[in-house]
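Novice: After the C-alpha cells below, expect a handful of questions from me.
The values are calculated or read from the model by the stated rules, or taken from the named source; none is laboratory data. Computed from a prediction, not measured in an experiment: that's the story for all the values here. FYI the Cβ positions are ideal-geometry reconstructions off the backbone, even for glycines, and counts take in every protein chain you see.
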Amino acid sequence: MNICKDRAFELLQRISFERIAGTDKELECANILKEECEKVGVEAVIEEFEIDMPEILEVSLEVTAPTPMTIPCIGIGKSGQTVDEGITAPFVYAEDGLATNLMDCKGKIVLLTGTLKPEVKEALKKAEVAGVIQAIGSLYDPQELIDELRPRNMMKKPGEEFDIPCVAIHITEAQKMVLANTQEVKMVLKQDADKKGTSHNVVATIKGTEKPEEIITFSAHFDSVMYSPGAWDNGTGSVTIMEIMHHFLKNPAKRTLQFVWCGSEEIGLCGSRAFTEQHKEELSKHLFNINVDMTGVLLGYDTAVCSCEHNVANYIDFISKLEGYPISTKVEMYPSDSSSFVQAGVPAVTFARLAPKGGMEIHCRRDTMEFLDPTAFIKTVEFMITFAEPVVNAKVFPISKTFPKEITEALEKFKKMFGMDNKPKEEKKD
Ligand SMILES: [Zn+2]
C-alpha cells in the first residue's frame with residue numbers, strides 16, 4: 001500500500017488548530033488540504049456553502065431572589081430573545097422537561113438538566129415558559145472545562161418556530177442554583193439569529209480507469225469546535241482519507257473516487273448536506289460513501305457503522321477475521337457525514353477508532369496529538385484500504401441502494417434532529 005504514517009502525522013500536526021465552522025481558520029485548513037492534493041497532482045476544488053452563524057449580542061443570567069448572584073452563561077443561537085431590559089420571572093427546576101415537570105410553568109424561567117430534544121421543545125412551547133436555562137457539562141469537570149462554555153445553536157427544522165430565549169450554564173452552576181433554593185431569575189438574551197456565514201468543502205477527484213461514470217466517495221469532516229485543536233476529531237479522519245487518496249493515486253481504481261473533506265459537520269452535518277445538495281444531479285452515479293470520523297487514538301477500539309444493507313457489515317466481519325484485525329460492526333445510523341449521504345439515498349459506512357471510558361476526549365482543549373499514535377492510525381488506514389479496494393474495483397458493484405428497516409426508521413429520528421427531508425427507498429422483503 002502506498003501509505004505513510006509519518007507523512008500523515010506531519011499533516012495532522014499542521015492542521016491541529018481550532019477550525020470552527022465558517023471561520024477564516026476553517027478556510028485555512030481547507031486550503032492546506034487542497035494544496036496537499038495538488039502537490040501530488042490531484043485536482044481539488046473548494047466548494048462554498050452558506051451556514052447559519054447566529055450572533056449573540058448580549059446575554060446574562062442573574063439570580064434575583066432569595067440571594068442575588070450572577071451565573072456565567074452563554075446564549076443559545078437560533079433560540080428566542082428577551083426584551084432589551086431582560087425578563088425577570090419565577091424560577092423552576094424542570095429536570096428532563098417532561099409534561100409533569102412543566103406543570104404550572106407558564107411565564108416562568110425553567111432550568112433543564114436534560115437535552116433540548118424535539119419532544120422537549122414541543123413541551124416547552126406548550127407549557128408557555130418564558131425562558132430556558134440548559135445545564136451542560138459534567139459535575140466532575142475541572143475548572144478549565146467549566147470555564148469553556150462552548151457557544152451552541154439550536155438544531156431546527158427549516159421553518160420551525162421556536163422563540164423562547166435559551167441560555168446555557170455549566171451543570172456546577174445548576175447545582176448551585178438548585179441548592180440555593182432559587183426563586184426568581186433575570187435573563188437577558190439579544191441575538192441576531194438570522195446571521196449567515198460561509199463554510200467550505202474540499203473535493204478531490206481521481207477518475208476511474210474503467211467505469212469513470214460510477215463514483216465512490218471517501219469523506220471526513222475537517223472542522224472542529226471552539227477551544228478544540230481537533231487533532232483526533234477529526235484531524236485524524238482528514239489525514240486518513242488523504243492517505244487513502246495517496247494509495248489510489250498509485251493504484252488507480254476502476255471507478256471514480258472522490259475525496260470530500262467536509263466543513264461544518266459539528267454544527268449539524270452542514271458540509272455533507274451541502275455536498276449532496278450541490279451534487280444532486282450526479283447523485284444517481286454515487287454508489288457508496290465511506291466516511292471516517294476519528295482514527296489513530298492509541299488506547300481504543302475500531303468500529304464500522306454500516307448505514308446500508310447487512311451484507312456490508314457481514315463483509316467487514318469476514319475480512320476482520322481473515323486479516324486478524326479486530327473491528328466491531330453495526331447496522332445503524334451514525335451522527336456524522338455518512339448520514340447526509342444516506343438521507344440522499346446513497347449507502348454509507350463510517351469507520352471510527354473510538355476511546356474507552358476514561359480515555360481520550362473530544363470537543364475540548366485536550367483534543368491534541370498527545371494520545372494519538374501513528375502505528376494505531378496506520379492500522380485503521382490499512383484495514384480501510386483492504387475493505388475498499390475490492391469494492392471500488394468490483395466487476396459488478398455489490399452494494400445496493402436499498403436500505404434495511406432499522407436504517408429507514410433511524411433516519412426518521414435523524415431527520416427530526418437535523419431538519420432533513422426526503423426518504424430513501426426501503427428494502428422490499430419477500
Ligand atoms: Zn467528528
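Novice: Taking segment 14-44 only, how many residues are exposed (fewer than 13 other Cβ atoms within 10 Å of the Cβ) and more than 17 Å from residue 264 (Cβ to Cβ)?
Specialist: 6
Novice: Here's another thing I want to ask about it. Report the residue count in segment 265-274 for those that are within 10 Å of residue 49 (Cα to Cα) and part of a loop (DSSP other than H, G, I, E, B).
Specialist: Here the count works out to 0.
Novice: Additional query: Give segment 277-296 a look and list any residue that's more than 12 Å from the ligand (Cβ to nearest atom) and crowded, with 21+ Cβ neighbours inside 10 Å, or say none.
Specialist: Across segment 277-296, the qualifying residues are 286, 287, 288, 289, 290, 296.
Novice: When segment 183-230 is examined, which residues are found to be more than 15 Å from the chain's Cα centre (by Cα), among the aliphatic types (A, V, I, L, M) and either within 16 Å of the ligand (Cβ to nearest atom) or within 30 Å of residue 372 (Cβ to Cβ) (or both)?
Specialist: Hits for segment 183-230 are 202, 203, 204, 206, 216.
Novice: Yes or no: residue 217 hydroxyl-bearing (Ser, Thr, Tyr), within 23 Å of residue 336 (Cβ to Cβ), surrounded by 20 or more Cβ atoms within 10 Å (Cβ to Cβ) and not assigned by TED's automatic domain parsing to the domain that holds residue 63?
Specialist: yes
Novice: Related question: Tell me, which helices (runs of 4 or more DSSP H) lie completely within segment 299-417 with 3 or more residues that are surrounded by fewer than 22 Cβ atoms within 10 Å (Cβ to Cβ) and not aromatic (Phe, Trp, Tyr)?
Specialist: 310-323, 374-392
Novice: Have a look at 205, 256, 209 and point out the one that is more than 21 Å from residue 348 (Cβ to Cβ), polar (S, T, N, Q) and surrounded by fewer than 24 Cβ atoms within 10 Å (Cβ to Cβ).
Specialist: One residue alone meets the criteria, 209.
Novice: Could you please give the count of residues in segment 232-276 that are among the hydroxyl-bearing types (Ser, Thr, Tyr), within 14 Å of the ligand (Cβ to nearest atom) and closer than 16 Å to residue 290 by Cβ?
Specialist: Total satisfying the criteria: 4.
Novice: Residues 387, 383, 351, 318: which one is more than 16 Å from the ligand (Cβ to nearest atom), touching a residue at least 12 places away in the same chain (Cβ under 8 Å) and either assigned by TED's automatic domain parsing to the domain that holds residue 144 or more than 19 Å from residue 214 (Cα to Cα) (or both)?
Specialist: 383
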